[in-house]
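This report concerns only the one structure given below.
The values are calculated or read from the model by the stated rules, or taken from the named source; none is laboratory data. Model, not experiment: these values are computed from the prediction. Virtual Cβ from ideal backbone geometry, glycine too; neighbours counted across all protein chains shown.
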Amino acid sequence: MKSNRWTYIGLSAGVAVATFLVTMLLMNIGQRKQEARESYLELARLTEDTVDPAEWGKNFPREFDGYKRTVEMQRTKYGGSEPFSKLDRDPRLRRIFAGYAFELDYREERGHIYSLKDQDESERVKQRPQTGACLQCHASIIPTYRKLGGGDVMKGFALVCPMPFAEARKLVTHPVACIDCHDPKTMAIRVTRPGFLNGIKAYKKSQGIDNYDPNTMATRQEMRSFVCGQCHVEYYFAKDTKLVTYPWAKGLKIDDIEAYYDEIKFSDWKHAETGADVLKAQHPEFETWNQGIHARSGVACADCHMPYMRQGAVKISDHHVRSPLLNIERACLTCHPFAASEMKLRVEMIQDRHAKLLARAEDALVALYDEVKTAKAAGVNSERLAEALALQRKAQFRTDFVNAENSMGFHAPQEAARILGEAIDYARQGQLAVRRAR
């Protein structure tokens, strides 16, 4: 009897413990489901004037924690966020940018948190006159545009762009942050930069689509690239107004952009060694990515640079924006069923090939400079060298387009290789043109 009683007590205790554990599990599951349904807890009221990311962080602590991590400086083989001097790493660049501000200072970009600080500290700003146009992408400036324009962002944009940089700098306090990509009421991603809005409208018009507005006409997946393409693009400052302008009226390919610049007779500067009217590419990631397999497959910038992650039951985009090579498991392996080591080798193999092509293109450019300088020293005038200088312009823009684009060819390997192949060819054609002119 005693044995049966203890058996009964043991079974009852076991059932009670199991019931308790199952109840706790169900409660935990319920809590997690509720957590997943609650997008955020509103602790701070966000408006169109809330530029401080710390205020947004009160409502979105997970995303804010990721954003703050963009302060970290990390390296990949051909990129990252350590501010080393590209001029010291590749001395040919000092000759390529001879006579232009980039021969003074050309460093690897750091994370978004540094976007304003690095602009302040650049020797290009300290030693050469710059304008407020730079702030379109280096600061949370949309509220400033709106205020100066009496509620009209485009009008404020037109007022700030021609200002001396030091004067315009007093109008902003924060680097690129939450408000630049999110609607403070709905949290929807959005495009805010006037340069992009004008540029994408011109591009879509070239494709037969009038009055294009990405904020109402683009898909969500398109927007997950457009928000990055607001700033990671090729641009120039319009001659008279200094407006930040994206040269997309003929298309997004380098050939289209070059044709646009030729049509409006634009050049960034006159090369100090040769006297050629040349172009400086900025950072045409958006244009290059558009020509690649990922864009054609519907993969957005954010899929790789801000991949989804889970914290508890909550799914968010990782706001620690960085190279996918520093986050291969989540950035690459969700689509590619290979080991992280294999993916890294594949990417670096592509980049290694483009680095070698880029070096050949730079060598060809330097050789062209030497030919032109020798011809000028021998008394050959600029008129007779016009063909060679026109070829230098074409070769230089193509070389710089790949060099300034921050993927070392990976965003569109075949397109980048084509561009560098043409760069080498145009530079060598230029050398032959010099010899014919002697």
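One line per residue, one yes/no per condition, for (1) part of a loop (DSSP other than H, G, I, E, B); (2) modelled with pLDDT under 95:
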{"position": "Leu26", "(1), (2)": "no, yes"}
{"position": "Gly30", "(1), (2)": "no, yes"}
{"position": "Leu41", "(1), (2)": "yes, yes"}
{"position": "Ala54", "(1), (2)": "no, no"}
{"position": "Tyr67", "(1), (2)": "no, no"}
{"position": "Gly99", "(1), (2)": "yes, no"}
Task: Residue within the range 95-117 that is of a type in the set (Ser, Thr, Tyr) and out of contact with any helix residue (DSSP H, G or I) (no Cβ under 7 Å at 6 or more places or on another chain) present - done: yes
Open item on the list: Taking the criterion of being surrounded by 21 or more Cβ atoms within 10 Å (Cβ to Cβ), touching a residue at least 60 places away in the same chain (Cβ under 8 Å), of a type in the set (A, V, I, L, M) and within 25 Å of Arg110 (Cα to Cα), would at least one residue in the range 326-346 satisfy it?
Closed with: no
Open item on the list: Checking Gly151 against (1) farther than 24 Å from Arg107 by Cα; (2) of a type in the set (Gly, Ala, Ser); (3) in a helix (DSSP H, G or I): exactly one of these is not met. Which one?
Closed with: (3)
TODO: Would you confirm whether any residue within the range 181-193 is touching a residue at least 12 places away in the same chain (Cβ under 8 Å) and part of a helix (DSSP H, G or I)?
DONE: no
TODO: Consider only pairs whose beta carbons are under 6 Å apart and that are at least six residues apart or on different chains; among these, list those whose first residue lies in the range 94-120 and is within 10 Å of Pro83 (Cα to Cα) and whose second residue is hydroxyl-bearing (Ser, Thr, Tyr) and surrounded by fewer than 16 Cβ atoms within 10 Å (Cβ to Cβ).
DONE: Arg107/Ser85
Open item on the list: I need the full set of residues from the range 115-137 which are within 18 Å of the chain's Cα centre (by Cα) and surrounded by fewer than 20 Cβ atoms within 10 Å (Cβ to Cβ), in order please.
Closed with: Lys117, Asp118, Gln119
Open item on the list: What's the total number of residues in the range 318-333 that are touching a strand residue (DSSP E or B) at 6+ places or on another chain (Cβ under 7 Å) and either under 15 Å from His411 (Cβ atoms) or among the basic types (Lys, Arg) (or both)?
Closed with: 2
Task: Residue, surrounded by the most Cβ atoms within 10 Å (Cβ to Cβ), within the range 389-404, restricted to residues that are farther than 10 Å from Ile254 by Cβ and in contact with a Ser or Thr (Cβ under 9 Å, 6 or more places away or on another chain) - done: Gln392
Task: Tally of residues being part of a helix (DSSP H, G or I), within 23 Å of the chain's Cα centre (by Cα) and hydrophobic (A, V, I, L, M, F, W, C) across the range 138-148 - done: 1
Task: Residue identified as touching a Lys or Arg at 6+ places or on another chain (Cβ under 9 Å), closer than 30 Å to Val366 by Cβ, modelled with pLDDT of 95 or more and assigned to a loop (DSSP other than H, G, I, E, B) among Asp105, Asp49 - done: Asp105
- [ ] Kindly indicate which of Asp213, Asp240 is surrounded by fewer than 17 Cβ atoms within 10 Å (Cβ to Cβ), over 30 Å from Ala377 (Cα atoms), out of contact with any strand residue (DSSP E or B) (no Cβ under 8 Å at 6 or more places or on another chain) and at pLDDT below 95.
- [x] Asp240
Task: Selection from the range 314-358 of residues that are under 22 Å from Gly298 (Cβ atoms), part of a strand (DSSP E or B) and not hydroxyl-bearing (Ser, Thr, Tyr) - done: Lys315, Ile316
- [ ] Return the only residue of Pro324, Pro337 being touching a helix residue (DSSP H, G or I) at 6+ places or on another chain (Cβ under 8 Å) and either of a type outside the set (Phe, Trp, Tyr) or within 26 Å of His112 (Cα to Cα) (or both).
- [x] Pro324
- [ ] Can you confirm whether the range 69-83 contains a residue that is within 30 Å of Thr245 (Cβ to Cβ), of a type outside the set (Ser, Thr, Tyr), at pLDDT below 95 and surrounded by 19 or more Cβ atoms within 10 Å (Cβ to Cβ)?
- [x] yes
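Yes/no per residue for (1) under 25 Å from Arg92 (Cα atoms); (2) among the hydrophobic types (A, V, I, L, M, F, W, C); (3) in contact with a Cys (Cβ under 9 Å, 6 or more places away or on another chain):
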{"residue": "Leu243", "(1), (2), (3)": "no, yes, yes"}
{"residue": "Ala249", "(1), (2), (3)": "no, yes, no"}
{"residue": "Phe266", "(1), (2), (3)": "yes, yes, no"}
{"residue": "Gly275", "(1), (2), (3)": "yes, no, no"}
{"residue": "His283", "(1), (2), (3)": "yes, no, yes"}
{"residue": "Trp289", "(1), (2), (3)": "no, yes, yes"}
Task: Residue match in the range 288-299 (condition: under 20 Å from Ile96 (Cβ atoms) and surrounded by 15 or more Cβ atoms within 10 Å (Cβ to Cβ)) - done: yes
Open item on the list: Which pairs turn up if I take residues in the range 242-255 that are closer than 16 Å to Cys134 by Cα and look for partners that are of a type in the set (Ser, Thr, Tyr) with beta carbon separation below 7 Å, at least 6 apart in sequence or on another chain?
Closed with: Lys242/Thr131; Val244/Tyr235; Thr245/Tyr235; Thr245/Tyr236; Tyr246/Tyr235
TODO: Go through the range 159-187 and give me each residue that's charged (D, E, K, R) and crowded, with 16+ Cβ neighbours inside 10 Å.
DONE: Arg169, Asp180
Open item on the list: Please go through the range 359-390 and give me each residue that is outside any helix (DSSP H, G or I) and among the basic types (Lys, Arg), ordered by number.
Closed with: Arg384
